[in-house]
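Written out below as structure tokens is the structure these notes cover.
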Amino acid sequence: MPKLPLKQRMPVLFLIDSLCQTNISRPDNDSNSYLAQTAANMLDILSLVCPSDAYRQIDESALTQHIEGATKVLRCWFTRRMFPQELIRDVAKAVHIVVEDVEQSPSRKRSPHESAPLPPRPKELKLEQESDVKQQPKNEKVVYIWILDDTLILLHSLLNGTFADRTGKDVSVGMELGERMDRCIHAFAQQHMFFSDLGNINHTNIDAIADFDDGLDLRNYDFKDGLNGTINSADDNRKLAYRYRIIKNLYQKVPLAQLLPHSEHEELSQNLRDIDQFCDGWLSSVQTLLRSFQQDKYAINCVLTSQPLVPTLAKCIVSELSPLIPVDCVFSSAKADRRSCFLKILNKFGSAVYYTLGNHREDEEASRSVGIPFLQLSRLEDLDCLKAKAQEIVEWRGVSKSFVQNDPRSPTWK
């Protein structure tokens, strides 16, 4: 197979799949040996079918069909349990195939936001000079992908002491602030977002299983419905989809002050002020920057995190960032590799200008692997510079949107 042109490798994979299908129904030693060899070499086989430089060897249309063919084979092996499912997940991640597409039922129709695995090539917005900005179309959509962990919210670096070490501050104070915030997030997720029902369940995005929601009126629904942290059937997916609908509505419409008793809200607001002061105004500066982006009606704020989805949504609500980041623009790579999440974001928004904003090397590598420019944000000066450039684009376009100022969920802790 290595000597074959890339376009000729997919038929070989289909042949291997056909032989596996035949051998799985013949419980003899030869059949078991063939399946064992396929399992042992599965990663090598799929790496040849879906090499990392495939986009350089065939055009985008052919590459889309290529990825869909490999996904179809892995999905068949996964649903029929022909090989260990964890092995198939690991192989899919290794060759940058979206694991959720492998796990889904083959009869399930792909929802609109899950369209093609292969995204359009992202464009790059040049911000270095004013003349560069004015070369962009005035109605060009701009997608800002914020890395949540230690860029948008500094919780992890407070908990592990790295922020205090880097800035010369008291490590114990930073850790205590981080622990207080972590407890607030966990309690909120438990009380309002069905966290105890979810167990190890995670999806890349809140809309990932929207097709399983049959639209049932949930006002009198009994959520003691047997969902116990695992998904074993379409019925389990339906129960989970109900919970995701409630979470989505909570995130989009309900002010935090209405969800918490007055004393708890006051305590949380004080904790946010203390964290902002300890971090030299980082949280308030980030919120100001997110708001400046939202003044541009063509700009979109996204979040990407390595943490599970529901606690991340709780973190956004508790940190009062939910009015600034749409719920369906939050993506989790907890059970998917970073690159596949970037591909989902590209698929969701299509032709646009993209930026990733973060400060970790692995995020930069994943972002650049799909052609998205990466901007390092590690100092307040970086935020100020980016805010000035974003405002420049807004003023040049001569367009704005004012609904943010009227949002009832606007931050109250400042």
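What to note about this one:
- The set of residues in segment 261-284 that are of a type in the set (G, A, S) and either free of Cβ contacts under 8 Å to residues at least 12 places away in the same chain or open to solvent by 70 Å² or more (accessible area, probe 1.4 Å) (or both) contains only S263.
- Segment 285-296 - residue that is in a helix (DSSP H, G or I) and open to solvent by 30 Å² or more (accessible area, probe 1.4 Å) and, of those, modelled with the highest pLDDT: S285
- Per-region count, segment 297-319, residues open to solvent by 10 Å² or more (accessible area, probe 1.4 Å), part of a loop (DSSP other than H, G, I, E, B) and touching a strand residue (DSSP E or B) at 6+ places or on another chain (Cβ under 7 Å): 4
- Test result for V95, touching a Gly at 6+ places or on another chain (Cβ under 9 Å) and at pLDDT below 85: no
- Residue match in segment 154-163 (condition: modelled with pLDDT under 90, farther than 30 Å from L377 by Cα and open to solvent by less than 20 Å² (accessible area, probe 1.4 Å)): no
- Note on segment 136-153: among residues that are under 24 Å from the mean Cα position of the chain (by Cα) and farther than 20 Å from D382 by Cα, the one that is surrounded by the fewest Cβ atoms within 10 Å (Cβ to Cβ) is E140.
- V254 meets the conditions (1) of a type in the set (A, V, I, L, M); (2) open to solvent by 30 Å² or more (accessible area, probe 1.4 Å); (3) in contact with a Ser or Thr (Cβ under 8 Å, 6 or more places away or on another chain) in every case but one. The failed one is (3).
- Residue in segment 227-249 that is farthest from F78 (Cα to Cα), counting only those that are open to solvent by less than 20 Å² (accessible area, probe 1.4 Å) and within 19 Å of the chain's Cα centre (by Cα): I247
- Test: residue in segment 200-211 that is among the hydroxyl-bearing types (S, T, Y), surrounded by 12 or more Cβ atoms within 10 Å (Cβ to Cβ), touching a His at 6+ places or on another chain (Cβ under 9 Å) and closer than 30 Å to L324 by Cβ: no
The values are calculated or read from the model by the stated rules, or taken from the named source; none is laboratory data. All values reported here derive from a predicted model rather than from experimental measurement. Counting neighbours? That spans all protein chains shown, and the Cβs are built from the backbone with ideal geometry, glycine included. Note: areas computed on protein heavy atoms with side chains; ligands, DNA, RNA excluded. Shrake-Rupley method; radii C 1.70, N 1.55, O 1.52, S 1.80 Å.
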